[in-house]
Amino acid sequence: MSTSTKFNRYGVKSYRSNIWHIIGPDEELVWDGAGYGEDRPLRFDTEEEALACAERMSKQPENQQ
């Protein structure tokens, strides 16, 4: 079972309890952009942390992502 919350552009989604991911406008996972094969989806252990991150990202100008 998954749950999700969406802001104006970014949101959070949990596919399993205690693992929250940031999702983009296309409903796909947002990755952290690390180099050298270390790129991973943004992940949080609490819903509150994930929601705060998604809200901040949604407020940024689009070219700042």
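Observations, loosely collected:
- Computed across the chain, the Kirkwood hydrodynamic radius from all distinct Cα-Cα pairs reaches 11.9 Å.
- 17 Å reach of a label modelled at residue 18, 7 Å along Cα-to-Cβ, counting backbone N of the range 43-60: 43-50
- Extension gain for residue 29 to residue 59 (0.36 nm times residue separation, less C-alpha to C-alpha distance): 9.0 nm.
Every number in this text was worked out from the coordinates using simple rules, so none of it is lab data. All figures in this text were calculated on a predicted structure; none of them were measured in a lab. Don't worry about glycine lacking a Cβ; one is built from the backbone with ideal geometry, like all the others, and counts go over all protein chains shown.
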